[in-house]
Amino acid sequence: MKQKTGEGACPFNRLYWGFLERNRKVLRDNPRLAMPYRTLDKWPEERRAALVEEADACREALGATPRR
């Protein structure tokens with residue numbers, strides 16, 4: 001399944017990309033994450049914002065505490 005956002009997207013996919021986007025400031029300079037961040041940088045801002053929103057909804061559905 002290649003869909004990263006929306007109704008049919010895998011929850012792990014949402015959580016992964018949402019985590020990377022939310023933690024960009026801390027993780028951006030990690031050489032092991034250069035490729036995923038290059039991929040994220042190619043996506044429009046609206047798509048990245050949707051990823052974070054969907055990841056937050058997924059986390060909430062799983063009972064995670066709200067992020068600060």
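For the residues ARG47, ARG14, ARG32, a GNM of the chain with alpha-carbon springs under 10 Å puts the largest fluctuation on ARG32.
Taking only Cα atoms and a 10 Å spring cutoff, compute GNM fluctuations for the chain and point out the largest among ALA57, ALA49, ALA34. Of ALA57, ALA49, ALA34, the Gaussian network model singles out ALA34 as fluctuating most.
Ignoring solvent entirely, what values of log10 I(q)/I(0) come out of the Debye formula for the chain at 0.12, 0.15, 0.28 Å⁻¹ when each Cα is a single scatterer? Log-scaled intensity ratios, in q order: -0.30, -0.47, -1.32. With the helix formula -39500 (n - 2.57) applied to DSSP H stretches of n ≥ 4, the chain reaches a computed 222 nm mean residue ellipticity of -18500 deg cm²/dmol.
Coordinate-derived values only; no laboratory data. It should be emphasised that the depicted structure is a prediction, and the values quoted were computed from it without experimental measurement.
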